[in-house]
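Novice: First the structure, which I've put down as structure tokens, then a few questions once you've had a look.
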Amino acid sequence: MPRNHGKRRNAHSRSGHPQEGGSPAEHRQKHHSGPRHPNKGHATEGQGVWLWGIHPVEAALANPERKLIELLATENAASRLPAGAPRPHIVSPKEIDTRLPPGSVHQGLALRAEPLDPLALEDLIEDGVERIVVLDQVSDPHNLGAIYRSAAAFGFGGLVLQTRNAPPITGIVAKSAVGAIETVAEARVVNISRALEQLGEAGYHTVGLAGEGEADIAQAVKGAGKLAIVLGAEGPGLRPGVARACAELARIPISAAMESLNVSNAAAIAFYEAARNSFPGA
């Protein structure tokens, strides 16, 4: 289901230190409705953001919170659009190429749309989101998109990012997320440590993935009614202050032959362990 919140506010084992993965703020506000248009897939004030590929575009078209600006499709891709989709501008694949970052795999479909405004952390709490992901300066857009995808797959309804030192939600993130940016609510906070304190005060068990964690991740998340899993940046992992703000640090047991896991892989394992307590048959 597309995310549709009535109110919005702006706002690892050794795998606790995930490997490099590759390539204000807290005021209530309504969803902005002015047109926007990006430069090569990035959000630019007043210009929108490009999304591309079948799954990201179809998910955005299905999200009532998205303000659509321009839909481009090849003849073949247009024939695969769902019933009720807006009429696209029929263009050649090369015309779509000129609108997007080099190498974008667009499958003949690209959409320019209003970015979704982030929530404030208070919105996630008040809306009853029981599974939340907190990212401490994860910077690679492909990793961020993969984390969105795993969050959606395993029942995590909110993802918290810092207002600074975190990437914008661009088309690259959306393509890696395969539509999940439309269903997992984004929240932005000024201070990650303070956000973890707020979550703890609201009854969330906050678990940070870190190599020095005493419990393994399965033990740490077992039985948690409300849960926030915290992941650190590619390479350095959790910052010391953020680690101290977690109620518990946990590790993912891995072979001694491998020092760490990519942050998006570590996230998927942690989300799965949490989901085993929540999903029948998981």
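The values are calculated or read from the model by the stated rules, or taken from the named source; none is laboratory data. In this text, all values refer to a predicted model and were calculated from it rather than measured experimentally. Using ideal geometry, Cβ is built from the backbone for each residue, glycine included, and neighbour counts are taken over all protein chains shown.
Novice: Among the residues of the range 70-84, write down those that are surrounded by fewer than 19 Cβ atoms within 10 Å (Cβ to Cβ), closer than 20 Å to Ala180 by Cα and hydrophobic (A, V, I, L, M, F, W, C).
Specialist: Selection gives Leu81 alone.
Novice: Among (1) assigned by TED's automatic domain parsing to the domain that holds Ile172; (2) farther than 21 Å from Asn191 by Cα, which single condition is Arg131 missing?
Specialist: Arg131 satisfies all of (1) assigned by TED's automatic domain parsing to the domain that holds Ile172; (2) farther than 21 Å from Asn191 by Cα except (2).
Novice: Has the range 6-18 got at least one residue that is out of contact with any Lys or Arg (no Cβ under 8 Å at 6 or more places or on another chain), surrounded by 13 or more Cβ atoms within 10 Å (Cβ to Cβ), modelled with pLDDT under 90 and small (Gly, Ala, Ser)?
Specialist: Checked the range 6-18: no residue is out of contact with any Lys or Arg (no Cβ under 8 Å at 6 or more places or on another chain), surrounded by 13 or more Cβ atoms within 10 Å (Cβ to Cβ), modelled with pLDDT under 90 and small (Gly, Ala, Ser).
Novice: Moving on. Could you please let me know if Val190 is of a type outside the set (S, T, N, Q) and within 24 Å of Gly53 (Cα to Cα)?
Specialist: No, not satisfied.
Novice: Considering only the range 75-179, give the strands (runs of 3 or more DSSP E) lying wholly within it that have at least 2 residues that are within 17 Å of Pro56 (Cβ to Cβ).
Specialist: 109-113
Rundown of residues vs (1) at pLDDT 95 or above; (2) on the phi < 0 side of the Ramachandran plot; (3) under 10 Å from the mean Cα position of the chain (by Cα), yes/no style:
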| position | (1), (2), (3) |
| --- | --- |
| Arg149 | yes, yes, yes |
| Ala153 | yes, yes, no |
| Leu159 | yes, yes, yes |
| Ile169 | no, yes, yes |
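Novice: If I filter the range 182-189 for residues that are out of contact with any Pro (no Cβ under 8 Å at 6 or more places or on another chain), outside any strand (DSSP E or B) and either within 30 Å of Tyr272 (Cβ to Cβ) or among the small types (Gly, Ala, Ser) (or both), do I get at least one hit?
Specialist: Yes, the range 182-189 contains a residue that is out of contact with any Pro (no Cβ under 8 Å at 6 or more places or on another chain), outside any strand (DSSP E or B) and either within 30 Å of Tyr272 (Cβ to Cβ) or among the small types (Gly, Ala, Ser) (or both).
Novice: Further question on the same structure: What residue, among those in the range 176-228 that are modelled with pLDDT of 95 or more and basic (Lys, Arg), is nearest to the chain's Cα centre (by Cα)?
Specialist: Filtering first and then ranking leaves Arg188.
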